[in-house]
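Asks: Below is one structure. I have some questions about it.
The values are calculated or read from the model by the stated rules, or taken from the named source; none is laboratory data. Everything numeric in this text was worked out from a predicted model, so none of it was measured. Please note: Cβ atoms are built from the backbone with ideal geometry, for glycine as well, and neighbour counts cover all protein chains shown.
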Amino acid sequence: MVAIRKLSEIQPGEKGKIIDITGERTYVKRLNDMGLLKGTVVEMVRNAPLGDPMEIIVRDYKLTLRKAEVDGVIIEIE
């Protein structure tokens, strides 16, 4: 079964494919420059002790972002 969620809502160990990035043009461009593009697979590694920031794996490297920064990234989890 396929589930659609925001990247900021997934749990450690879950992975999915980016299907959309919503927000202002500069916000979307910044995320694209970091490797977050439609069709890219991302995996949630862990959250900080208080839940923010979160660490994800994108294109074989680890990226740490605040949940507010990835709130507009929509992913499809299988």
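Asks: Which residues, counting only those in region 10-53, are modelled with pLDDT under 90 and either charged (D, E, K, R) or in contact with a His (Cβ under 9 Å, 6 or more places away or on another chain) (or both)?
Replies: 52, the sole residue that qualifies.
Asks: When you scan region 33-78, how many residues do you find that are part of a strand (DSSP E or B), among the β-branched types (Val, Ile, Thr), free of Cβ contacts under 8 Å to residues at least 60 places away in the same chain and out of contact with any helix residue (DSSP H, G or I) (no Cβ under 9 Å at 6 or more places or on another chain)?
Replies: Within region 33-78, residues that are part of a strand (DSSP E or B), among the β-branched types (Val, Ile, Thr), free of Cβ contacts under 8 Å to residues at least 60 places away in the same chain and out of contact with any helix residue (DSSP H, G or I) (no Cβ under 9 Å at 6 or more places or on another chain) number 5.
Asks: Moving on. Could you check region 20-40 and list, in sequence order, the residues that are in contact with a strand residue (DSSP E or B) (Cβ under 9 Å, 6 or more places away or on another chain), loosely packed, with under 13 Cβ neighbours inside 10 Å and of a type in the set (Val, Ile, Thr)?
Replies: 22
Asks: Right, here's the next one. Can you find a residue in region 11-32 that is in a strand (DSSP E or B), touching an Asp or Glu at 6+ places or on another chain (Cβ under 7 Å) and hydrophobic (A, V, I, L, M, F, W, C)?
Replies: Among the residues of region 11-32, at least one is in a strand (DSSP E or B), touching an Asp or Glu at 6+ places or on another chain (Cβ under 7 Å) and hydrophobic (A, V, I, L, M, F, W, C), which makes the answer yes.
Asks: Let me ask something additional. Are there any pairs with C-beta distances below 7 angstrom linking a residue in region 1-22 that is over 16 Å from residue 38 (Cβ atoms) to a residue that is at pLDDT below 95 and among the polar types (S, T, N, Q), with the two at least 6 apart or on different chains, and if so which?
Replies: Filtered contacts from region 1-22: 12/47.
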